[in-house]
Every structure is written in structure tokens, then in C-alpha cells.
1. Quick check: at a probe of 1.4 Å, how many percent of the accessible area of chain B sits on carbon and sulfur atoms?
2. Above 27 angstrom, tally the Cα pairs of segment A:1-151 and express them as a % of all pairs, no decimals.
3. Which log10 I(q)/I(0) values, to two decimals, does segment A:291-672 give at q = 0.13, 0.14 Å⁻¹ under the Debye formula with one point per Cα?
4. Over all directions, average the projected area of the Cα convex hull of segment A:94-158 and note it in nm².
5. If all Cα-Cα distances of segment B:13-107 are sorted into 5 Å bins from 0 onward, what percent lands in each bin, rounded to whole numbers?
6. Please report, to one decimal in angstroms, the Kirkwood hydrodynamic radius of chain B built from all distinct Cα-Cα pairs.
7. Given N residues in segment A:425-532, what is Rg(Cα) / (2.2 N^0.38 Å)?
8. If I require 27 Å or longer along the helix axis, counting alpha carbons, and a Kyte-Doolittle average no lower than -1.0, what helices from chain A are left? Use full DSSP H segments.
Amino acid sequence: MRPVVATIDLVNLWAGRITCLLLTPVMAAMITEVFSRSMFGFLVDIGYEDTARTYFGPTLWSYEVTRMIAGAMFMLGAGYALMRGVHIRADFIYRKWSPKTQATVDAILYMAFYFPALLLFLYISGEYTLKAWLTGERAMDTTFMAPLAPARTAMPLGILFLVLQGVSELLKCLYRMGHVRERKFVLFLPFYLIILTITILSVLFPSTLPAGTLIESLTVATGFGEMPSATIGLVMLAVMLLAIFVGFPISFTLIFLGFTFGAWGFSSKLVFYLQTLQFNSVMLDETLAAVPLFVFMGIMMEKAGLMERLFTSVQLMLSRTHGALYLAVLFVSTIFAAATGIVGASVTILGIMAAKTMNRSGYNVQLAAGTITAGGTLGILIPPSIMLVVMGPVLEIPVTDLFAAAIIPGLMLAFLYALYALGRCWLNPTLGPPLAEDERPNDIAYVAREFFLGLVPPALLVASALGSILMGWATPTEAAGCGAFGAVLLTLAYGKFTFRGGYDALIKTLEITVLIMFLVAASNFFGAVFSRLGTPSMLTELLLSLDMPPTVILIMVMALIFILGWPLEWVPIVLIIVPILIPVVAGLAPAMAMSETQMLTWFGILVAVNLQTAWLSPPVALSAYFLKGVVPEWDLKDIYLGMMQFMVIQLIGLILVFTFPKIALWLPNYIYGG
Amino acid sequence: QTVIRVQSVIPAKADEVFMLEDFAKDVSDLTDGSLQIEVLPAGAIVGVAETLDAVDAGLIEGGFAWTHYWSGKHPAAMLFGSPVAGAGVGIDNIAFVSWFQYGGGKELYDQLWKEMGVNVKGFMLQPVGPEALGWFKEPITSMDDFRKYRFRTPPGIPGQTYKDIGIASVAMGGGDILPALEKGTIDAAEWCCPKPDSVFGFQKVLKHYYLQGLHQVVVNADLYINGDVYEGLSDREKKALEVAANASLSKSMSYRIFENGKALKDLTENQGVILHDTPEDYFKEYMDAARASLEKNAEENAFFAEVWQSQKDFAEIAVPFWAGAQTSNANLGRAFADSIAK
Ligand code: NA
Ligand code: NA
């Protein structure tokens, strides 16, 4: 059997090696678009209209090409990532077991959930892709109308790689569990294959196979079939809180749960359609194309040692200050928050860049992890922010107004984080030790020069990412492309660029991208099953049926969102819960002495700050897993404990915005009026 | 009691959704509550681009979008949802409803879903056109002026037509448009019509507004129900859907004229928006390009050709009357509008 493992691993190794190269065309397409479009504007402005029209101008293909290739990347690299073990586990129980027990549990989970779930997903997504090829379906979001089939093919192909890698991983488990257990598993294998086949066929063809009706009659007979689907959603949540801690990779655990409870609540075949459609939509999401680019930017800078220098120089400058690095991390994360709207990208970049220096300087892991994750989530509040872009049309508030309203609360939170971190260090200096006496510099000129030189690379990077937005050259997604390209130029300028190093950065980028995007897709799917079961609407309507004064209702609404943000991501909350609440909230406007627009803008920011905590509240706290992915030596428990401290700060921030609505409303009123 | 969950592709507070709720109430009343339509917000269960696939699979019972949203699945969807430049033959939204109800449109519409290979039953509900040409950072007086600007265009053929007449057409996600206009990444954009445009917030960054445009003179939104779910309904419930749909065709149009009127008044009187007439040469250039692209699509696709032929046959009879009668009306209306503007 060992040759099988070796062959599969080789297939996925090459799949990964080839897939990671796809980032270059994404970057090239974005740079072309930004350059050509900006040149057009510039030449028209100075009166060379004919030249502008002949040689430059926006391209129609860049938007489609970039989102499709970036989407294909995370599916095609999924098998490679599983082989490299990048998918994060919440392994509190798991790691206490002996390697043999771990292997046995893994093998059972692979057999019971992984193969049925992925084989069915493979079938349905294959069918979906085939249809796109046969009908020549095209995208309808742009003028270009690109054919969908090529990009969509990455889905079944990527799942095929995952299934193959699953076989390899299962075999590795069998080797590790010892001969006695391995024999039992091998004896059971033929029966397993028969059961697996029957299960899959009965899901796909429920009317022709008796097994489907058998399962159905079983659930009815036991009374489980009677449960209203909204209640099934509640059970799903409860089970999730336990299941995550079994220690199987979290993204797969979410998929298994969605699959099991979706099958129970509606239909097993439909649940795979839902999964296929959800993965399809993550694949084609244009804003998520920024993820691999920002990650690549971070890794390039780290590999060239250009970011470490900044953190070291801050330490030199504030050599007597306790916790100087916390300040540096928060400063950099606030700047990055203004360059990206994607949490996954910020947290991983900060983790990659700062963790090493923090470890070396003996910083407290919990506080370090908390600072990085909290700082990373600022990206979703400080504009540009994907969450506010999604919320704008839902609330019918112009996105620019929401952006303006979010700036002061965002900076306020950054300030509160810094206050907290430095306060803790002041009380307990061991949390962020200053430089040792002999490392402290005496020469002020030397420190100033180091600081200046350390500041140059990140300043140039921010100039290329954030600057390209502010100068009107690029959209936020394209700014990621500019940042990534800027990182390449910078390493070239510093003489640190090698093809080997560039390639290593690409393959590392692929690993982290798969980790992030797979988690996003899996948790979107989980959220979609939850919504399809009707649980969020049920909870919200239950709350609204209570008769209470306005402030109490608002507090209850915030509490509901806070609680739902614990197990859910922000997407289902913004799309499902918020619309139900709008009429109630808008109705409170007179009582709060605000116009309806003001009320909804304020409410939007309250929701945004509130949902930022959803990224910091374990166990579905994706930023914890992003950080764990790039700093494997940190214990997940410490990351959890660290981020929970900042959840409390977040709560204080929320109370401040709640008590003083001006924190949110002053700036949009100042810029745009009324 | 049957509940049909309808996921829309349009934000929950939009006028389209408001009228869809109105339709749902009519259906409920007409069936004594036996048929309930529950409207789910965009993205509630699946992403907007996957809505029709989800209805086809039975994941949700119904979906709601503009018909041309599915042009990627079949090019002829455009001829129902937003026939470019009034199908190149001057059909406006009222004439479109005439074609749909009495000129053979409805039968072709039922056929559209079959051509697309999806198992749904569709109901045309809301004529919501005409849409505006768009918003500009500076006034334009000719096509040469227009060609200086990077313009965010609508998707599909209406947008391709701009590319064909030399406009620097930009593809951009909805959420990026306003910030991009503010920072000068693009210079001009179109979205819909006064009410949705003002909700979107264009007036905060651009002040020059052009109402007359040809890319989406006619715009229609429709509801489709999973075919198996529809077949499972009683005859009375099916009839209720049909009657309520017909009522919705007229109510939506009435509602939108008044709502857009109020929004435009607010834009020009309170928000400093300046209305301009679209440059004359725009109409000929856009019309010629639109016809060329309609011809090309008709050559490539038999069903597209069939639908377009039906619209041209209808136009030959109806447009001379309707356009002729409308001209006097439009002139009178413009004279009145000018008199109150002064
Ligand atoms: Na941001
Ligand atoms: Na959470």
C-alpha cells in the first residue's frame, strides 16, 4: 500500500506546485488594468485623448480573469494543503491522546464523514460543472460575460484531489494505529465500501433505492423526523460547539455538520447542491481575490527580512518601554486595516511579520495573539471594509456614509487596544519585556537611522496598496495586486529577490490561501444550512414579539447579534438578521431623536463593531485559526484566551458607541451633511 | 397551507421587493391564505448569482430577479429583462407589457425557461424601466465628450454596446462604484433610475444627471417557482398567482413612476443635482451598435432570433401608433417640466 500513498502525495505535490504559479497571472492582470486605466485618465486630463484611446483604457477581462483564477487556486490547492496538514484543528482533546488513538479517531472520521461527504460533493459539483460546459453558461456580472465552465471545473477537480489525498491520509492513519487495529480496519473495509456505495446511491437516487425510504422511516419512527427544522438548527449549534473540539480539521467538521443536519432538516441531495452553490460563490467572489495577494505580500516581505527590521527598530527606539512591540503591531495593523477590507489577510500578514520578533523578545503569547487578532479584525471596520460594503445596500445607506461613520470608532478601538496592552504591561512588565540592558542603544542618531530605514519598506508597501486606492488608481481588490507587486519590486530594490525565494513565497501563499478560503467557504456553507433551517429568523422574530421600550429593544437586538456572532460568521448575520431588524430599528428613530438615516447609520456601525467580536469569539473565530496557521508554535488555547480579552475591550467600545452615537455620526455629517 | 420561499437578488428595502411583498399579499388574500409567499433577502441561502440554480434544484421554492440577470444562461433572457434600446425598434416599457400580454411574448417567455434547461415556472411581475443614462463628473455635450470618461457600464449586451461605440467601459463590483467615483478611479456610472440611484448615493459624489439613455429603456423583474412545487399547487392557487401577477404588472409601473418622481424632485430641489439632456449623437450611435449586436445574437441563436422577430413584428404594428401618440405627450410633459423648473 505504501506506493499508493507515495503516488497520491506526488500527484498533489505537483498539483500544488503548479497551482501556486497561478498567482502571477492574477497579479499581472490587475497591474495591467490599473496601469492602463489610470494612464487613460491621465492622458485625457492633459489633452492627449487620441493617444489615450488608442493605447490605453480599462480592460473588460481583468475583473473576470482575476476572480476566476484566484477562485480556482484555492480549490486546486486543497489536496496539496491537506497533505501538508495546513487545515487547523481545535485539538484540545485530540492532542492528549496517544498517536495510536489519534490515528484511530482520524481513520473513523475519514470513513464515517469525509469520504461520503466529499464523494457526494464531487458528484453534485461535477454535474453542476458539466452543465456549465454543455450549455456554455457565462457570467452575468460584467460586460465581458466570461464563460463559467473553465473556472468551475476547478471545483470537482479540486475535490477529486481532496478525495485522493483522503485515501492517502487514511492509509497513513492505518499505518500509525498499530497492527492489531489495522487488521480490524482492513477486515471491515469490504463492508465499509458496500455501505458507502449504498449511502451514496440512496442520496443521489432516493426514489429508486429502498435505503433512502428506510432512513426516512427510521427518522419518522424515532420521532426525530418530527422536529421542526428551526429547532434542528439549534441542535446543530449545540453539537457544533462540542464537535469542533474533537479535533478533526475545523473546515471539514463544519462541512460534516452542515451535511448531517441539512440532511436531517431538509434533504441530503439538496444539502450538497447548497454546498456546491456556496463554494461556487466563494470561488467567484471578486473581493476575496485579494486574499492570496495580500498573503503573498506579507510572505515576500517576511522572507526578505524587511518587516522584521521595522519591529526591531521600534523596539530599539522604545527600548525602555514595556510592550513596545504591542504598540508597533497595533500601529501597523491600523495602517493595514486601511489598505484591506479582509480580516484573513490582515491577521495572517501580521502573524507572519510580528510573531517571530515577539517570540524572540519573550512577549506573552496570549497578549501577543490577542493584539494580532484584534488588530487584524480592525480591517473590517476601518474602510475599505467588505462588511460595510455588504451592509450598505441592506440598510439602504450609501457605502461612503458607512465608511465615514466607521473611521472614528475604528481608531477609537485601536486606541483602546493599545491602552489595554500597555496597561497590562505596566502592571506586569514580564508580559512585554523591554530590551536587555546590553542591547539598548546609546547612540540616538543610530536609533533614528535604524527607525527610518526600518520604516521605509512598510511605508512604501502601504503607499502602493493604500496609496493606489487614495490616488484613485485602484479598487480595494486591485490595491491588493498593487501591494503584492510592490512587495516584489521592493525585494528587487533591496537586492533580496531570488527566483527560489519567490517560488517559496508562492507555495506558502497557496497553503495559507487554501486554509483561509476553505474555512470561509465551509463556514458560509454551515451558515447557509443554518439559515435554510430557518433558525435565525425564528430567534429574531421571537425577540421582536416581546413588547419593550426602545433602548431595551436595541440592547436586546445587540445582545442577539453578539450571541449569534459567537457561532456564526458575519455574512449570515448581515444578510439575514439585519433585514428583519430594520423596520423595528427605523421605528425607534423618533424615540432616539434622530432621523431615520442617522438611526440606521448608527445601527450599522453598532452592528459592525458588534460583529467584529464575532471574529474574536471562539470556537468559530476564524482569525484564531488563521493565526494558528501562520504561527504553529503558539497554542490554540493561548490564542483563544488572548482574543477573548480583546472581546471585552470590544464590548467596551460597543457600549461607548451606543452611549455616544456622535462617535459614529459626527464624521459622515461633517463630510456629506445630514 | 403551502409556503413558497422566494429569495430575491435585490436588497431587502428596494422598491422591487416592496412590490413583491404586495404581490405576495394579493396571492395570500386570493387563496384565503392557503398559498403564502415568504420573501428572503438577497444572499440569504445561496449567493445572488446562484439563485436560479437553487430554485431549479429545489433548494428554495422561488426566486426573484430581473429576467436579464440570467443572460449568461441564455442570451434571449436579455430580450425579456432589458431588450437593449427597446429591442432596437423603440419598444418602451408599456409597449413591452402589451407585447408580453397580447403580442405572443408570454408564450415565448414560458419557452425561455425550457430553452435554458431549468425546471421553473416564471411570472413576469414588474416593469421597472426606463433607466437613466447615468451620472457624470462634468457635463457632456457630445459623444466625443462621453468617450473621455471611464464609465461603469451595465453587464451583458447593453454594456458591450457601450464598448462597441468606443466608451471606456469599466467592470466593477457594486460596492466599489461609489468610492471609485469619489476618488476618481472612474468618472461616470449608471445604476438604475432616480429612486434607487439616490438611495445608492450617487448625488453625494456627482451632480450631473442624464435621464435619457438607451441601454435599459425597458427593464422587467420576474418571479419563478420550482416546476415541481408549481405543479403541486391547486388550480385556484395557480389562478391566484396569474391574477396577482397581472395586477402587479400595472401596480409596479404606477408605483415606480410616482416614487421616481418624488426622488427626482428631491435630487434636483434639495441635493443640488443638475439634469441635462443627453447629447443628440448618442442616440444614433448607440442605436446602430445595439442593432448590430442584436443581429449578431440572432444569427448565433435560433430562439433569440425567434423572440426578436416576434418583438419586431409587434413593433411594426404597435410602435408607429404608440410612439406617435407618445411624442405629443412627451413634448407636453417636457414643456410642463420646464415651466415648473423656472
Ligand atoms: Na479596511
Ligand atoms: Na465567532
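The values are calculated or read from the model by the stated rules, or taken from the named source; none is laboratory data. Small disclaimer: the values here were computed from a predicted structure and weren't measured. Cβ atoms come from the backbone with ideal geometry, glycine included; neighbour counts cover every protein chain shown. Note: accessible area is taken over every heavy atom of the protein model, side chains too, but ligands, DNA and RNA are not part of it. Shrake-Rupley method; radii C 1.70, N 1.55, O 1.52, S 1.80 Å.
1. Numbers: 7020 of 12730 Å².
Summing carbon and sulfur atoms, their accessible area is 55 percent of the total for chain B.
2. Here the long-distance tail beyond 27 Å is 49 percent of all Cα pairs in segment A:1-151.
3. Per q value, in the given order, log10 I(q)/I(0) is -1.05, -1.19.
4. With the hull built on Cα positions only, its mean projection is 6.3 nm².
5. The percentages, shortest bin first, are 3, 11, 15, 19, 20, 18, 10, 3, 0.
6. Values: mean 1/r = 0.0481 Å⁻¹.
Roughly 20.8 Å, rounded to one decimal.
7. Numbers: Rg = 20.6 Å, N = 108, 2.2 N^0.38 = 13.0 Å.
For segment A:425-532, the normalised Cα radius of gyration is 1.58.
8. The answer, listed by residue number, is A:23-45, A:115-135, A:149-176, A:179-204, A:399-427, A:444-470, A:499-532, A:636-659.
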